[in-house]
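Report on the following structure.
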Amino acid sequence: MPRVLVVDDDPTVAEVVLGYLRRDGLEAAHAADGISALRIAEAAPPDLVVLDLMLPGIDGLEVCRRLRERHPDLPVVMLTARGEEEDRIAGLEVGADDYVVKPFSPRELALRVRSVLRRSEAREAAAGDAPDVLVDGDLRLDVSARTATRDDLDLGLTAREFDLLAHLLAHPGRALRREDLMRDVWGWDFGDQSTVTVHVRRVREKVEESPAEPVRLVTVWGVGYRWDPAPGSPGEALVTAYGDDAS
């Protein structure tokens with residue numbers, strides 16, 4: 001039974017969320033502040049965290065950062081009382097997998113939690129079928145070990161950044177729509193496509209010499225994004241073999 005940690009200082013919200021998650025067949029625990037959440041996660045790492053942005057003491061963004069440092073693959077669904085884009089993007093930039101804006105439907109939240117858990121489980125199951133290593137020029141991704149380096153230096157990717165980069169490297173030269181990336185990388189059939197935009201920007205900051213003028217992860221206007229493999233890389237050979245179908 002997947003275990004979910006709900007971090008929210010509002011006892012009424014926490015009680016409702018815990019009830020819905022438990023009725024949905026999940027084991028759910030509660031923490032009322034960030035420090036307690038970090039202690040619980042360290043003692044018994046959950047399978048997913050539902051994390052309120054506004055918390056006493058340290059806020060949700062800092063909690064998410066610390067969780068990511070200790071548990072890079074731990075899925076996080078962020079709750080925010082404000083629907084402004086800056087808050088959503090801030091959560092995504094520190095590694096949140098999804099976000100739900102208050103006031104929200106508890107049923108919708110439970111569905112989002114299930115969606116993120118399914119994607120996490122599918123990623124683990126697919127790891128055995130994926131190539132062990134993806135290489136493009138100075139980039140090297142070890143899929144089974146989930147490590148990513150550039151010139152032998154660790155890229156410090158979050159779990160979703162790693163998944164996005166691995167997906168792009170596995171489909172060199174192909175224009176991938178944002179909605180397809182949301183489905184194939186995040187496992188969502190719905191949602192705000194700014195999630196993809198934010199993660200693309202963060203990946204560019206880690207793999208491009210000049211993120212403002214990308215030459216590897218390029219924008220295909222009106223469509224989405226394309227990975228242009230480095231000359232002489234296995235990806236370039238794959239694109240050449242596919243010809244026009246690869247673009």
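Side notes on the structure shown:
- Restricting segment 197-211 to residues that are out of contact with any Leu (no Cβ under 7 Å at 6 or more places or on another chain) and part of a helix (DSSP H, G or I), the residue that is modelled with the highest pLDDT: Glu205
- Residue match in segment 90-102 (condition: outside any strand (DSSP E or B), out of contact with any Phe, Trp or Tyr (no Cβ under 8 Å at 6 or more places or on another chain), surrounded by fewer than 18 Cβ atoms within 10 Å (Cβ to Cβ) and at pLDDT 80 or above): yes
- Answer residue from segment 61-72, given it is among the charged types (D, E, K, R) and either surrounded by fewer than 16 Cβ atoms within 10 Å (Cβ to Cβ) or assigned by TED's automatic domain parsing to the domain that holds Gln193 (or both) and is nearest to Ile40 (Cα to Cα) among those: Arg70
- In the set (1) part of a helix (DSSP H, G or I); (2) under 19 Å from Gly91 (Cβ atoms), Gly57 fails one condition alone, (1).
- Here Ala81, Ala43 are screened, and the one residue that is over 17 Å from Val4 (Cα atoms), surrounded by fewer than 16 Cβ atoms within 10 Å (Cβ to Cβ) and either of a type in the set (A, V, I, L, M) or at pLDDT 95 or above (or both) is Ala81.
- Subset of segment 211-225 [surrounded by fewer than 19 Cβ atoms within 10 Å (Cβ to Cβ) and among the charged types (D, E, K, R)]: Glu213
- Residues in segment 115-155 that are in a loop (DSSP other than H, G, I, E, B) and touching a helix residue (DSSP H, G or I) at 6+ places or on another chain (Cβ under 7 Å) were compared, and the one that is modelled with the highest pLDDT is Leu155.
- All conditions but one from (1) in contact (Cβ under 8 Å) with a residue 60 or more places away in the chain; (2) surrounded by fewer than 21 Cβ atoms within 10 Å (Cβ to Cβ) apply to Pro75; the one that does not is (2).
- Test: residue in segment 16-23 that is in contact (Cβ under 8 Å) with a residue 60 or more places away in the chain, surrounded by fewer than 18 Cβ atoms within 10 Å (Cβ to Cβ) and under 17 Å from Phe104 (Cα atoms): yes
The values are calculated or read from the model by the stated rules, or taken from the named source; none is laboratory data. Computed from a predicted structure; not experimentally measured. In this analysis, Cβ positions are derived from the backbone assuming ideal geometry, glycine residues included, and neighbour counts consider all displayed protein chains.
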